[in-house]
Amino acid sequence: MPYPSDLSDQQWQILEPLLPDQKPGGRKRRVDLRAVCNAIFYHLKTGCQWRMLPSEFPPYSTVYFYYRSWQVEGVWSRINQTLIRQRQEHVGKHPLPTVVAVDSQSVKTTEKRGVYGFDGGKKVKGRKRHIIVDSLGQMLKVIVTEANGSDRVGAAYGLLEWRDQYPEMVENVHTVLADAGYRGDRFRLWVWSLVQAAVEIRENLKGEFEVVAKRWVVERTFGWLNFYRRLSKDYELLPEVSESAIYAVMVHLTLRYLAPA
């Protein structure tokens, strides 16, 4: 019986053409890439250690080799961007976003060396995930920093990297939605200089819960990440590996929207 995280035939048909071809030279690839992807998504969904992958999957060393190689080559990020456009067209939207939302989430780290800090506002020792999402909540960019990193600096740096990596994606953006933590003329100037967009601040009433129109999609995206136990904490030594795990999770989620099992 397949695991709930396994790819369906339709989902694999979407993902397979987006994976890198075998590099020229050397022996012919024998590993089943679908089984490798299923093992990666199982790992992300359950949070198990690589060595604890069930025996039905390829050897954990093989699975991790592909996972790490695709992280280094930026494959997960590129696949995520491609699937974002496919889903936009799937629901009848323009493939390029016009409104984006920014926010951050502080998560604890494990007892590993590496980048970490203390978020005094949320009382969390660990790292901070700065994300940029479109109107559907799809992950356009994620930056992982120490938990005491500035929200505004993290969002601006994310916009800079997103613009440089995918310049065609920012052409139509005219509004950046943010909460009160991003107030200030300096952030507005940064956003305008990077993507020529206006910043719209939406605030909740003090002491009351309020669903803020349009900005709630970014909170929903954090909720999606919480369903994957590997992301319940930051287990990685390197922030860029943490970012890759988030992109891989978003790939898995978007495939399920494009081709429900």
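Bear in mind these aren't lab numbers, they're just calculated from the coordinates by the rules spelled out. No experiment lies behind these values; they were computed from the predicted model shown. Positions of Cβ are backbone-derived with ideal geometry, glycine not excepted, and every protein chain shown enters the neighbour counts.
General observations
- The calculated 222 nm mean residue ellipticity attributable to helices in the chain amounts to -13000 deg cm²/dmol, summing -39500 (n - 2.57) over DSSP H runs of n ≥ 4 and dividing by all residues.
- Cβ-defined net charge surrounding GLN71, 14 Å radius [Lys, Arg +1; Asp, Glu -1]: -1
- Length-normalised contact order of the chain in % [C-alpha pairs under 8 Å, at least 6 apart]: 23 percent
- Note on the chain: dipole from Cβ charges, positive end direction compared against ALA156, TRP76, VAL36; the farthest Cα belongs to VAL36.
- Under the span-like rule (Cα at least 27 Å along the axis, Kyte-Doolittle mean at least 0.5), DSSP H helices of the chain: 239-258
- The residue list SER106, VAL63, PRO239 was ranked by how far each Cα lies along the charge dipole of the chain toward its positive end, using unit charges on Cβ atoms, and VAL63 comes out on top.
- Modelled label reach - SER55, point 7 Å along Cα→Cβ, segment 1-36 residues with backbone N closer than 17 Å: 1
- Relative contact order (%) - criterion: Cα under 8 Å, at least six apart; region: segment 20-127: 14 percent
- In a DSSP loop and with at most 12 other Cβ atoms within 10 Å, the trypsin sites (Lys or Arg not before Pro) in segment 84-136 are LYS112, ARG113, LYS123.
- For segment 95-235, the relative contact order comes to 27 percent (Cα pairs under 8 Å, sequence separation of at least 6).
- DSSP bridge analysis restricted to the chain gives an antiparallel fraction near 70%, rounded to the nearest 5.
- Three-way shape label, segment 69-150, alpha-carbon gyration tensor, a/c 1.5: oblate
- Global form of segment 16-124, assessed from the alpha-carbon gyration tensor, a/c cut-off 1.5: oblate
- Straightening the chain between ALA35 and HIS90 buys 17.1 nm, computed as 0.36 nm per residue apart minus the Cα-Cα spacing.
- With R₀ fixed at 22 Å, the C-beta to C-beta distance from LEU189 to THR82 puts the FRET efficiency at about 0.10.
- Cross-link partners of LYS23 among aspartates and glutamates, defined as those whose alpha carbon lies under 15 angstrom from its own and excluding same-chain residues fewer than eight positions apart: GLU73.
- In terms of distances greater than 20 angstrom between alpha carbons, the cross-link table entries LYS128/LYS233; LYS93/LYS128; LYS45/LYS233; LYS123/LYS233 yield LYS93/LYS128.
- Given 14 as the ceiling on other Cβ atoms within 10 Å, longest exposed-site-free region of the chain for GluC sites (Glu not before Pro) in DSSP loops: 112-170
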